[in-house]
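Here is the structure we will look at.
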There are 2 protein chains.
Amino acid sequence: MSARVRIKDIAEKVGVSTALVSYVMNGKEKEKRVGQDIVKKIREAAGELNYQPNRIAQSLRTGSTKTIGLIVADIAIPFFGQLARVIEDEASKNGFTVIIGSSDEDAIKQGSLIDTFSYRQVDGLIIVPSDGTADQIAALVKQGMPLVLMDRYFPELETCHVCLDNYKASYEAVNHLISQGYQQITMIAYRSGMIHMHERIRGYREAMAAANFANYIKVLEVPYSFSRTETENSIEKCINGNKEIDALLFATNSLTTAGLNYINKMGIKVPDEIGIVGYDGNEAFDFFYAPITIVEQPLNEIGTKSVNTLISLMNDPDKIVRFDLSHSLNIRKSSR
Amino acid sequence: MSARVRIKDIAEKVGVSTALVSYVMNGKEKEKRVGQDIVKKIREAAGELNYQPNRIAQSLRTGSTKTIGLIVADIAIPFFGQLARVIEDEASKNGFTVIIGSSDEDAIKQGSLIDTFSYRQVDGLIIVPSDGTADQIAALVKQGMPLVLMDRYFPELETCHVCLDNYKASYEAVNHLISQGYQQITMIAYRSGMIHMHERIRGYREAMAAANFANYIKVLEVPYSFSRTETENSIEKCINGNKEIDALLFATNSLTTAGLNYINKMGIKVPDEIGIVGYDGNEAFDFFYAPITIVEQPLNEIGTKSVNTLISLMNDPDKIVRFDLSHSLNIRKSSR
DNA sequence: TTATTTTGCTTAATCGATTAAGCGGAGTAA
DNA sequence: TTACTCCGCTTAATCGATTAAGCAAAATAA
């Protein structure tokens, strides 16, 4: 690599000390009383040499890397990809760079990502926490690491979070199905200890109970798996032979996809034989012969709020804020 | 944040100099002849204090950040999200962390990402270059920045690249359509100066010519736009009223999506009235009533080869290697 | 015994920036 | 004239690690 230009090179060229150059480069020429002509000379020299400060050296000295670590379940999943993009843009607006890691919903992987990011001295973390990682998160809080949880959180921990109001989302999704005449509504969810799943299920249950359909309440909890085939099999096993279902509420995008594959395979008619509502949009659902009604999350809001909350946390470490944002129900053919 | 443990803390605890601690932490205790009992004591102390080296300080000293910068068009697009995931995993296997940026196919954005990444001292870059950025890439090469281009490249520049053999892919896609009895095959591509687009078009043209369908050759070049609606309109304008088309070859994922929306809207029958082949897989295409035949790229291979090429380039800067990998044609209902 | 090598450690420079402290000289006040 | 304040700059410590150079003691060779 052609010799990088250092602050020292500029200092030598102009014939001053490195301190002056640093002051000027950081816009402190007034405060530090640098002479006008020197300021000009330094600016010119910096321009000519195309000086770019070395962020690593700056980071070591100032203790701030201007870097945010983002841990999602899997950046290849469109939901997280889109969120990552919003976060990238918002971070960049504020002078931060984002490093991204995928945990695969696995506690061990999440732990090693946290380690990697933390010894790279990130200024803060945005995490979509995996099941069973409350201890990891608690440890971060104890360390004083600025931290925002996204999509899910641990009610027992004092952390900032930006999530969906999942209870309300499920409740209204169920109400919508009921308003369309569906009664025997089954929910298909992941088996998980995480709050977002619990809330989605709770919303379903309470909406069903409120409509006096308590006896139709049925929740199918599928174990999490990367293999779509495996997920499909689990769903198949449970729907199969079950005549007493006239609608399905899927708790996630991937469950919806798996479920639709099964429904396609079996030739079940949507929305006549079965009504469907899923979570999180996806191009795929537009192309299903009966476009799928979805609970849509405010991705932009989630992403920007996460970043801004994190940044304000860096300045004011004790200000805990929590957001439970509202969904929008995008009603289409699969539920009417 | 609770006081970070430094090498000095360990040195003081054990009662030795920081040099010894550094040697032991880097596994150089043999080479540097550190006494056995001291090695043990240092290891113990490091464990007790839970020492994690400060990567920033290491980077400043060693000149290597163990970081790779990845610039894609948009991390929210599944194709790039999946690629990013493969790259993340392969990089991590080799001790590297990835920072990601989205250029939106825009030269200015790409330029500022390169600046950001380079002044963060990344050890190398993997770039999906935007149209009109040959000068940026040339500048990087001149600087000696280890660099791998992905998905596209500039034939006039001496760089490593990992791409698809786009010519062959289009050629075979067209041959497939022809073998299914289609003749009036139109290609829908983006207007772009980039080689990948040219090659896709060239493959189409030559396959058509070879089959004596030269008079049916028609390439529709759509200007790139973020707005799907806009893209749809462009496509609509060109297909509309054009009776002399019995098959469409879409040059990208997003064009396929836009095209299918139009086809859906118009109620055109696939594959009877029109045959379809698209580039790059996508869940969405599975759910189209006639699942779409696609040119599939070897994502894993592209990602891992990009990372490995980049790493070998860091050690051996002059070794230029170029990969033009083979696609696989995933034949489904839309083309038979 | 003396000279040489080996062993096991310390010292201190260094990476590239930031920034508190200090130092002359000019200007102002007494 | 002397004392004080400002101004404009330099010096040097610092962040946390790495690593070449060097030193004293012990071991070995002559």
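The values are calculated or read from the model by the stated rules, or taken from the named source; none is laboratory data. No experiment lies behind these values; they were computed from the predicted model shown. Virtual Cβ from ideal backbone geometry, glycine too; neighbours counted across all protein chains shown. Heavy atoms of the whole protein, side chains included, go into the accessibility calculation; ligands, DNA and RNA do not. Shrake-Rupley method; radii C 1.70, N 1.55, O 1.52, S 1.80 Å.
In whole percent, what relative contact order does the stretch A:159-306 give with Cα contacts below 8 Å and a gap of six or more residues? Don't jump to the answer; show the numbers that get you there.
Numbers: 205 pairs, mean separation 36.8, N = 148.
Relative contact order comes out at 25 percent.
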Let a ≥ b ≥ c be the square roots of the eigenvalues of the Cα gyration tensor of the stretch B:56-157; is it rounded (a/c under 1.5), or, if not, prolate (a/b larger than b/c) or oblate? oblate
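Hey, any idea what % of the stretch A:7-53's accessible area is carbon plus sulfur with a 1.4 Å probe?
Working: 1440 of 3120 Å².
Carbon plus sulfur share of accessible area: 46 percent.
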Solvent-accessible area lost in complex, 30 Å² minimum, residues of the stretch B:80-109 relative to chain alone, 1.4 Å: B:Arg85, B:Glu88, B:Thr97, B:Ile99, B:Ile100, B:Ser102
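Over the stretch B:1-80, what number does the Rg to Rh ratio reach, with both radii from the alpha-carbon atoms and Rh per Kirkwood?
Ratio value, two decimals: 1.20.
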Measure out, as a whole number of angstrom, how far apart the alpha-carbon centroids of the stretch A:1-78 and the stretch A:272-336 sit. 40
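Expressed as cubic angstrom per residue, what is the convex hull volume of the alpha carbon set of the stretch A:118-197? Spell out each step's value before the answer.
Working: hull volume 8.4 nm³, N = 80.
It comes to 105 Å³ per residue, whole-number rounded.
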Under 20 Å Cα-Cα from B:Lys13, which aspartates and glutamates qualify once same-chain neighbours fewer than 8 residues away are excluded? B:Glu29, B:Asp37, B:Glu44, B:Glu48
Cα gyration tensor of the stretch A:287-333, axes a ≥ b ≥ c as square roots of the eigenvalues: rounded (a/c below 1.5), prolate (a/b > b/c) or oblate? prolate
Could you work out how far apart the two model spin labels at B:Cys238 and A:Asp104 are, taking each label as a point 7 Å from the Cα in the direction of the beta carbon, and quote it in nm? 4.1
The protein assembly as shown - Rg and Dmax from Cα coordinates, angstrom: 28.0, 87
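In peptide B:73-79, how many Cβ atoms from other protein chains are near each Cβ within 10 Å, on average? Intermediate values should be presented prior to the final figure.
On the way: counts 0, 4, 12, 12, 4, 8, 1.
Partner Cβ neighbours, averaged per residue: 6.
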Contact order relative to length of chain B, as percent, for alpha carbon pairs under 8 angstrom and 6 or more apart: 16
Full-stretch length increase - B:Leu325, B:Lys8 - with 0.36 nm per residue and alpha-carbon distance subtracted: 109.1 nm
Please check which bits of the stretch B:101-135 a label hung off A:Glu48 would reach, taking the label as a point 7 Å along Cα-to-C-beta and the cut-off as backbone N under 12 Å. none
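Count the DSSP beta bridges whose two residues both fall in chain B, then state the antiparallel fraction as a percent rounded to the nearest 5. Mind showing how you got there, number by number?
Working: 3 of 38 bridges.
Of the beta bridges lying entirely in chain B, close to 10 percent run antiparallel.
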Going 7 Å from the Cα of A:Lys93 toward and past its Cβ, which residues in the stretch A:268-312 have a backbone nitrogen under 14 Å from where you end up? A:299-312
Lysines within cross-link reach of A:Lys32: Cα-Cα under 19 Å, excluding same-chain residues under 8 positions apart? A:Lys8, A:Lys40, A:Lys41
In the stretch B:1-156, with Lys and Arg counted as +1 and Asp and Glu as -1 at Cβ, which of these residues, B:Ala57, B:Leu125, B:Ala46, has the Cα nearest the positive end of the dipole, that is, farthest along it? B:Ala46
Could you pull out every one of the aspartates and glutamates with an alpha carbon less than 18 Å from that of A:Lys243, ignoring same-chain neighbours closer than 8 positions? A:Asp272, A:Glu273
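For the interface of chains B and A, what total accessible area is buried with a 1.4 Å probe, rounded to the nearest 100 Å²? Present the calculation step by step, with values, prior to reporting the outcome.
Details: alone 16900 and 16880 Å², together 29270 Å².
That pair of chains buries around 4500 Å² in total.
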Protection proxy ranking of B:200-212, B:65-77 - average other beta-carbon atoms within 10 Å, highest first: B:65-77, B:200-212
Relative to the Cα centre, what is the charge dipole magnitude of the stretch B:7-53, using +1 at the beta carbon of each Lys and Arg, -1 at the beta carbon of each Asp and Glu, and rounding to the nearest 20 debye? 180
Short version: which residues of the stretch A:126-147 lose at least 40 Å² of accessible area, all chains versus chain alone, 1.4 Å probe? A:Gln143
Greater than 30 Å apart at Cα, pairs in A:Lys28/B:Lys66; A:Lys269/A:Lys305; B:Lys237/B:Lys269; A:Lys66/B:Lys109: A:Lys28/B:Lys66; A:Lys269/A:Lys305
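Skip the ligands, DNA and RNA, and give the accessible area per residue of chain A with a 1.4 Å probe, whole Å².
Values: 14620 Å² over 336 residues.
So chain A comes to 43 Å² accessible per residue, rounded to a whole number.
Can you give me the % of accessible surface on the stretch B:127-192 that is carbon or sulfur? Probe 1.4 Å, all protein chains present, nothing else counted.
Values: 1050 of 2220 Å².
Within the stretch B:127-192, the accessible surface is 48 percent carbon and sulfur.
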If you take the Cα atoms of the stretch B:7-53, find Rg, then find the Kirkwood Rh from the mean of 1/r over all pairs, what is Rg/Rh? 0.91
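Take every Cα pair under 8 Å in the stretch A:7-53 that's 6+ residues apart, average their separations, divide by the length, and report that relative contact order as a whole percent. Show your work: numbers first, answer last.
On the way: 33 pairs, mean separation 19.3, N = 47.
Relative contact order here is 41 percent.
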Kindly rank B:286-296, B:322-332 from highest to lowest mean number of other beta carbons found within 10 Å of each residue. B:286-296, B:322-332
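Kindly provide the GluC sites (Glu not before Pro) of the stretch A:70-174 that DSSP labels as loop, not H, G, I, E or B, and whose Cβ sees at most 13 other Cβ atoms within 10 Å.
Details: sites: A:Glu88, A:Glu90, A:Glu105, A:Glu156, A:Glu158, A:Glu172; in loops: A:Glu105, A:Glu156, A:Glu158.
Those satisfying the criteria are A:Glu156, A:Glu158.
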Along its three principal axes, how long is the stretch A:192-278 when you only count alpha carbons? Whole Å, largest extent first please. 34, 31, 19
Residues of the stretch A:102-143 with amide N under 18 Å of the 7 Å Cα→Cβ point at B:Met25: A:115-122
Inter-label distance, nm, simple model (7 Å from Cα along the C-beta direction), A:Glu156/B:Arg33: 5.5
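Give the Kirkwood hydrodynamic radius (Å, one decimal) of chain B, defined as one over the mean of 1/r across all pairs of different Cα atoms. Don't skip to the end; give the middle numbers.
On the way: mean 1/r = 0.0441 Å⁻¹.
Value: 22.7 Å, from the Cα pair sum.
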Expected sort for B:162-169, B:12-19 on mean C-beta neighbours within 10 Å, highest first, is B:162-169, B:12-19
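Taking R0 as 22 Å, what's the FRET efficiency between B:Lys218 and B:Lys333 from their Cβ-Cβ distance, rounded to 0.05?
Details: r = 24 Å, r/R0 = 1.09.
Once rounded, the FRET efficiency stands at 0.35.
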